[in-house]
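Note sheet for the following structure.
The values are calculated or read from the model by the stated rules, or taken from the named source; none is laboratory data. The shown structure was predicted, so the numbers you read here are calculated from the model rather than taken from an experiment. Reconstructed Cβ throughout: ideal geometry from the backbone, glycine too, with neighbour counts over all protein chains shown. These area figures cover heavy atoms from the full protein model, side chains too; ligands, DNA and RNA do not enter into them. Shrake-Rupley method; radii C 1.70, N 1.55, O 1.52, S 1.80 Å.
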Amino acid sequence: MRPLASQPDNSRKEPFIRITKRADISRRNAALIRSAAVVLALFTGALLIITLGHNPFYVYADMLKGALGTKTVFKETVKTAVPLLSAAIAVALAFRMRFWNIGAEGQILAGAMGAAYFALFQYKSMPHWLLLIVMCIAAIVAGGIWGLIPAFFKAKWDTNETLFTLMLNYIALGIEQYLQNGPWKNPRSGFPKISMFTAEAKLPKLFGVHIGWVLAILLAAAAYIYLTHSKQGFETAVVGESTNTARYAGMNVSKIIIRTMFISGAIAGITGFMQVSGSDFTLTENTAGGVGFTAITVAWLSKLNPIIMIFVSFALAILEKGANRIQTTFKIPASAAEVLTGVILFFMLGCEFFINYRLVFKGRKERSNG
Amino acid sequence: MVKQTETAVLLSNVVKRFGRVVANDKVSLEVRRGEILALLGENGSGKTTLMNMLSGIYYPDEGQIFVNGQEVRIGSPKDAFSLGIGMIHQHFKLVDVLTAAENIILGLPGKAKINRAALAGEIREISQKYGFRVDPNKKIYNMSVSEKQTVEIIKVLYRGADILILDEPTAVLTPQETDRLFDVLRKMKADNKAIIIITHKMHEVLSVSDRVAILRKGQVVGTVETKDANRQNLTEMMVGHAVSLKINRPQPAENGQEALKIEGLTCLNSDGIKALDNVSFTLRSGEIMGVAGIAGSGQKELCEAITGLCPVQQGAICLSRPEGENLNIVGLTPTEIIRSGISMAFVPEDRLGMGLVASMDIVDNTMLKSYKIGKGPFLDRKTPRALAKDIVGSLEIVTPGLNAPVRLLSGGNVQKVLLGREIASKPMVLIAAYPVRGLDINSSYRIYDLLNEQKKKGVAVLYIGEDLDVLLELCDWIIVLCGGRVSGILDASQATKEEIGLKMTHIDALKEADL
C-alpha cells in the first residue's frame, strides 16, 4: 500500500475570509445595503472624476441637470427610458421561463423593419391612425417571428437559445444593412440611407414626448398582470422552474416555450416600432443601438418585476443622459463617462451578493444569529 | 485486539451553521481504532454535515478536531486524505468511462505512464485482504451499484486511509450485498482501522456496529455500546420521544375491482435502453401493491408510463373509469388522460423537481394540476387557497404561511403538501414513488397512515419503496422488479426479506414463464 503523503502543516490555516449564506434578510437591512452601494458607487465614481481633474460634486450635479434640469432634457430622458422599459419587459417574459433571450436587439430590428416597410411604401394607402396600427401589427408579427425561430428549435431539438438568439441579432442587422444599401435606399441620397418617414407614419405626442411612453407603461402593467395572474403566465413560470414539473402538470412544454417567445419577440418588435415611428423617424443600423442588451440589465435589476422596471429604466436613462452631458460641459471623454456608468451599475448589481451572503473574517466568532 | 481503545479522531464542541440553521451544535465525538461507530440520526440531524467537516468539505465555524491526538485543521479533502481520513459518499464520485483501476489512482501524483500491471496487483492485494470482489479493468459504466461502491472503498484504502467514513452505504444495496459489505467492514475493523458508518436503518446499526452515537437536531444526544442497545431505545433517542414502530395493515377490500391492469408493458428510457420489459400485473381497489427493486430497475419508468409521461413501446395500461368502460391509456398525453375521466394521482420521486414548483407557494402548488379549471385567461386562486388551507390544517403542515415558497419547508412538510394535493383530487389510483424517502420517523408514519386511509376508502395504491421492512409491513402484495422485468409477485404477509432480496437480483426463468 502507498505510504501516507507527507503530513501537512496544519498550523492554523483558517482562511482569512469565509463566505456564508445569510439567513433571510430584513427589508430594512436590504435597503441599507442597497443605499450603501449607491453611496459607494458615487464615491468610487468621485475618485475617477478627481483623477480626471474635476470636482465630483459639480460633475454629479451637472449629470442630474443634464438629465432632469430642463423640460427639454427631461423629455429626452423619457425618450431614452421608453425603449429600455419595453425591451426589458420583452426579455423578462423569456427570462421568467429561464429562456435566455439575448436576442432582443435583433427582435427590435425585425419589428422596426416590419413597421418601416409600411411607413416607407404604404403610407399613401391608408389614413394616419390606420397606418400606425398596421405598422404596430407588422412590428409585432416581425419581432414575434424573430423570437419564435429560436423557440421552435429549442422546443423541437433542444438547441441552445443563448447562442441562437445572439446569432439572430447579426442576421437581423445584416438584413437591415442590405435593405439600407439596396432596395430601401433613398434614391435621392448619395449615402446608403433610408429616407425619413412622412408625417403620417410618426407617432403623435403627449406632453411633448411621443405616445410610446404611455404604451410602455401600459405594457408594464399588462405584463405584470400577465405574469402574476394569468394562466399563461403561470405556465411560463412553471416551465421556467422545471420542465419535468410542467409535463407532470399536463402542460404542453413546447407550445408554452414557443408562445412565450413569440410574445417576448413581439414586445421587442413594438419597441422597434416605437423607435422608428416615435424617435428616429427612419430605420438605421442603430435603431436598436444596444437597447436590447441594456434591457437585460434593467430586467435583472428589477428582479423581473415589470412595475419596478418603470423606475429602473428611468434611472438608467438618467445615467445615460447625464453621462452624455458631462462629455460636453467638462470635456470628459465618452469612454470615461461610460466607465462611470459602469462603476455605478457594478455596485448596484454587486450589492445583491451582499444581500444573499455575508463575509466572516478570520478570528471573529460568528454571532449565533446571522 | 491490540490498541482497542486508541482514539483515532476526537471532535470537540464542533459547530457548523448554514445561515440561521445550526447543522451541528457543539458536537463532541470520539472515534476509536478497531471499532465500527454508527452515526444514527434522522434526516437533517446533521450526520452528513459532521462527517463532511472531517473529510474537508466543510470547515467548522467553531470547535476543535483532533486526529491521533493532535489538533488539526482540515481545510480541504486533500488535507483529510493526508491525515488518513477517507469518506465514501452516498453519491459516488467516479468517472464512468474510466476503469476501476483508473478511478482509483485518479488525482494521485505519479508518472506520466501508468504501470497497469503493478497497479492491478496492488488493487488485487487490497481486495484479497478485505474480501472485495472487483475487476480492476472493468469500466465503471458496466458496473452494478455495489461494484461501484467497492471501487469507492478501494479508492480510499489505496490512498492509505485508516479512518473510513461511509455515508449511508447500504441505501442502494440489496440485503445480500449489504451482508457482504458488512463482512468487509468487519475485516477492516480487525485490521485496526477506525470506521464510521452513517445510517438510519436500525437493524444495520445493531448488526454491524460496536458503538452508536445518536444525533438529534444537530446535537449528540448520546453514545451507547451496541450490545446495550435495542431498536426501541435507539428510536426513542433518535426521535426524542416514544414511538410505536408497528405499521398497521388494514385488511384489503374483498373482491376489489380491477383498477389498473398492465399487460406486457415495454418502455425505453431516455437513453433508448429497455427500462421495462414485458411487465404485467393487476392492481385492485382497496389494496396497496408495493414495488421492490434495486434503484433503477424500472420503477421510475413504470410510474411515468402509467401517468403518460414516458412513451410506451409495447403493451397495454388499462384503467377503470367511474363512468364508461376501461380505457387503455397507452399513447395518450397526461392532459388527455385527465380529460378522459380517469382520476389518477401521482406522487413522484422527485418532489421539488417534478411534483411541486419549489419557488412557488403552497397555493400555487395546490393548483398546479387544476389551474386550467374555470373560464377565462385568468387564474382563480380562491378555490386553491381554500384547499391549501384545508391541506395545511388537516395534515398539520408546518409552514410560515400559505404564501411561503415550498422550498423553505422541511422534507416532511413538502411531502405532505404534495400528497395532500394528490389525495384531494379523489383518485381511483394513487401512485406513490418513494414517498417517505428522506423523511423523519414521525412524518413517515403519518404518510403510511395516509396511504392506509386511502386504501380503506377503496383507492388502489401502488407504492414504490426501498425499505423492504416497510414494504413487507405496509403492502398487501409486493411485485419485485429486476432489470425492468417482473421477477416475482409475492403475498406480503407470507414473503420474507431474503426472498425479495434474492428476486431483486435474479430472475427465475421458469417462474417467469408462469407469471
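List of remarks:
- Residues of segment B:54-72 that are within 13 Å of chain A (Cβ to nearest Cβ) and on the phi < 0 side of the Ramachandran plot: B:Tyr58, B:Tyr59, B:Pro60, B:Asp61, B:Glu62, B:Gln64, B:Ile65, B:Phe66, B:Val67, B:Gln70, B:Glu71, B:Val72.
- When A:Ala317 is tested against (1) within 14 Å of the chain's Cα centre (by Cα); (2) more than 27 Å from A:Ile175 (Cβ to Cβ); (3) surrounded by fewer than 22 Cβ atoms within 10 Å (Cβ to Cβ), just one condition goes unmet, and that condition is (3).
- Matching residues, segment B:163-191, being in contact (Cβ under 8 Å) with a residue 40 or more places away in the chain and in contact with a strand residue (DSSP E or B) (Cβ under 7 Å, 6 or more places away or on another chain): B:Ile163, B:Leu164, B:Ile165, B:Leu166, B:Asp167, B:Glu168, B:Pro169, B:Leu185, B:Met188, B:Lys189
- Considering A:Lys202, A:Lys193, the condition of being open to solvent by 50 Å² or more (accessible area, probe 1.4 Å), more than 12 Å from A:Gly278 (Cα to Cα) and at pLDDT 85 or above is satisfied by A:Lys193 alone.
- Selected residue (criterion: nearest to the other protein chains (Cβ to nearest Cβ)) from residues of segment A:267-293 that are under 26 Å from A:Ala155 (Cα atoms) and open to solvent by 10 Å² or more (accessible area, probe 1.4 Å): A:Ile267
- Annotation note: of A:Ile89, A:Ile50, A:Ile102, the sole residue that is without any contact (Cβ under 8 Å) to a residue 24 or more places away in the chain and either under 19 Å from the mean Cα position of the chain (by Cα) or surrounded by fewer than 15 Cβ atoms within 10 Å (Cβ to Cβ) (or both) is A:Ile50.
- Residue check, A:His229 of a type outside the set (Lys, Arg) and open to solvent by 70 Å² or more (accessible area, probe 1.4 Å): yes
- Subset of segment B:73-119 that is in contact with a Phe, Trp or Tyr (Cβ under 9 Å, 6 or more places away or on another chain) and buried (at least 21 other Cβ atoms within 10 Å of the Cβ) - its residue that is nearest to the other protein chains (Cβ to nearest Cβ): B:Ile74
- Failed item, numbered, when A:Ala323 is tested on (1) within 14 Å of the chain's Cα centre (by Cα); (2) aliphatic (A, V, I, L, M); (3) at pLDDT below 90: (1)
- When residues of segment B:148-178 are limited to those that are within 18 Å of the chain's Cα centre (by Cα) and part of a helix (DSSP H, G or I), the one nearest to the other protein chains (Cβ to nearest Cβ): B:Gln149
- Extreme residue, nearest to A:Leu68 (Cα to Cα), among residues of segment A:302-334 that are of a type in the set (Phe, Trp, Tyr) and in a helix (DSSP H, G or I): A:Phe314
- Among the residues of segment B:423-449, the one identified as assigned to a helix (DSSP H, G or I), open to solvent by 10 Å² or more (accessible area, probe 1.4 Å), of a type in the set (Val, Ile, Thr) and within 22 Å of B:Val243 (Cβ to Cβ) is B:Ile441.
- Qualifying residue in segment B:211-225 (condition: open to solvent by 50 Å² or more (accessible area, probe 1.4 Å) and in a helix (DSSP H, G or I)): no
- Selection from segment B:262-272 of residues that are among the hydrophobic types (A, V, I, L, M, F, W, C) and over 10 Å from B:Glu301 (Cβ atoms): B:Ile262
- Scanning segment B:302-334 for residues that are surrounded by fewer than 16 Cβ atoms within 10 Å (Cβ to Cβ) and within 14 Å of another protein chain (Cβ to nearest Cβ) gives B:Pro311, B:Thr333.
- Some residue of segment A:177-188 being touching a Gly at 6+ places or on another chain (Cβ under 9 Å) and closer than 28 Å to A:Tyr123 by Cβ: no
- Residue in segment B:410-422 that is open to solvent by less than 30 Å² (accessible area, probe 1.4 Å), more than 14 Å from every other protein chain (Cβ to nearest Cβ), more than 20 Å from B:Ile288 (Cβ to Cβ) and without any contact (Cβ under 8 Å) to a residue 40 or more places away in the chain present: yes
- When the criteria are applied in full, B:Pro405 meets the requirement of being within 13 Å of chain A (Cβ to nearest Cβ), more than 26 Å from B:Leu451 (Cβ to Cβ), modelled with pLDDT under 90 and under 28 Å from the mean Cα position of the chain (by Cα).
Yes or no, residue by residue, for (1) in contact (Cβ under 8 Å) with a residue 40 or more places away in the chain; (2) in a helix (DSSP H, G or I):
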{"residue": "A:Gly240", "(1), (2)": "yes, yes"}
{"residue": "A:Ala246", "(1), (2)": "no, yes"}
{"residue": "A:Ile256", "(1), (2)": "yes, yes"}
{"residue": "A:Arg259", "(1), (2)": "no, yes"}
{"residue": "A:Gly269", "(1), (2)": "yes, yes"}
{"residue": "A:Met274", "(1), (2)": "yes, yes"}
{"residue": "A:Gly289", "(1), (2)": "no, no"}
